[in-house]
Amino acid sequence: MSDKITIFHEYGEPYHYIGLARLTSNKEIIYREFSTLRLIHKALKKKNCQGLYKAIKDFLYFVLCFLFPVVLKNKIIVIGIAPLDYRVIFFNRVLKYSHVIYHTSWTDWSGNFYPKKNKFFKNKIKNAWFYFFNFRVKHIAAVTDIVKDSISSNWALPREKITTVYHAFDGNVFNLDNAMPIEERNGITFVGRLVQNKGIGNLLEIAKNNPTHSFTIVGEGELADMIVNSKLNNISYAGYISSKIELANIFKRNKYIFLPSIKNENWEELFGMVLPEAMACGCIPVCTDHSGPKIILGHTKLQRLIFKENEFNEAVNSVLEMSNEDSILLFDEAVKVSQHFEAKIISERWKKILCNINQLPN
């Protein structure tokens, strides 16, 4: 049995694997980013010596593994690679002797829309993916049940080969410790990219129409200037915050987390961790009816706070006027529902996968 787990990812996002990390506290987890040439170029452009060193190191590592795939014999590899990425041809050799877990959050495997556009050798690449799924991957870790259903039905993969793992948050950070009582909270927070599809325009309109409520906006993006130039006295723009502790402190003093996302033909709000993290700190979620929020809030008392996009602004007014009794009820439900996504719970889902590939005892 390997004493290490290696994660191959295009850009690397350790926080996506916090549930796995909780389970494998006695193992070393190594992160390898395989978009090495792009990362080398980016590091040179920004004169980032540390980033350059890491990218070159990963490049040489993948060259070694391609030439001698036996170096990964019996190693546990978790790989996150976008659907129909041509580099799967490379990984079919690299992962020849490994215990492979494929990790994906992509919801539509029907072929209607894939993130990677392959103008050439489409059939060859698709065949390489078929080979990857059937002869390299031992198990698939799907972020939601929608992902599981789609990949199983469209690629004729047995459902028992796929486990839904969601994402996870760190309960040691996101919790009610030192949180303001719900009765004393009045504010609304938004955390995310500051772009049109995130509903920033609607958020500013709501803030303008509710001057007695404070709004804390966290994030960065092309509409940051719109927030600053709004000059609304009840808006506090915090910019991008990397510290999870600082983010948790913002949640702990706000009453609501708003997610007024707007769909287009290529995007909708998927399953993310902002809602569960905020809910664990006592924020009441108010969202538009996208697949991500519906997965988190559906079949709970909180589903009444999911609104159609064209009804969101008006619906918010009634939400902000709810009684203290309703607020306490929804506060309790938010904290309760969030715990389904706490790292120690999600780690059990990863444990089933590792048991499946005979890397942990049952």
Inset, instruction - List every residue pair whose Cβ atoms lie under 6 Å apart, where the two residues are 6 or more positions apart in sequence or sit on different chains, the first residue falls within the stretch 279-296 and is under 27 Å from residue 177 (Cβ atoms), and the second residue, located anywhere, is among the basic types (Lys, Arg). - result: 281/252
Inset, instruction - All but one of (1) in a helix (DSSP H, G or I); (2) in contact with a strand residue (DSSP E or B) (Cβ under 6 Å, 6 or more places away or on another chain) hold for residue 55, so report the exception by its number. - result: (2)
Inset, instruction - Output the residues belonging to the stretch 299-333 that are modelled with pLDDT under 95, farther than 23 Å from residue 176 by Cα and assigned to a loop (DSSP other than H, G, I, E, B). - result: 299, 321
Legend entry - Test for residue 27: is it exposed (fewer than 13 other Cβ atoms within 10 Å of the Cβ), out of contact with any His (no Cβ under 9 Å at 6 or more places or on another chain) and either at pLDDT below 90 or not hydroxyl-bearing (Ser, Thr, Tyr) (or both): no
Legend entry - Which numbered condition residue 292 misses (of (1) buried (at least 21 other Cβ atoms within 10 Å of the Cβ); (2) small (Gly, Ala, Ser); (3) modelled with pLDDT of 95 or more): (3)
Legend entry - Of all residues making up the stretch 349-362, the number that are assigned to a helix (DSSP H, G or I) and either of a type in the set (Ser, Thr, Tyr) or free of Cβ contacts under 8 Å to residues at least 40 places away in the same chain (or both): 1
Legend entry - the stretch 30-41, subset out of contact with any strand residue (DSSP E or B) (no Cβ under 7 Å at 6 or more places or on another chain) and closer than 30 Å to residue 170 by Cα, residue surrounded by the most Cβ atoms within 10 Å (Cβ to Cβ): 36
Inset, instruction - Assess whether residue 22 counts as being in contact with a helix residue (DSSP H, G or I) (Cβ under 9 Å, 6 or more places away or on another chain), among the basic types (Lys, Arg) and within 29 Å of residue 119 (Cβ to Cβ). - result: no
Legend entry - Scope the stretch 320-362; condition among the β-branched types (Val, Ile, Thr) and surrounded by fewer than 20 Cβ atoms within 10 Å (Cβ to Cβ); matching residues: 328, 335, 345, 357
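The values are calculated or read from the model by the stated rules, or taken from the named source; none is laboratory data. None of these values were measured; they are calculated from a predicted model. Cβ coordinates were reconstructed from backbone atoms using ideal geometry, including for glycine residues, and neighbour counts include every protein chain displayed.
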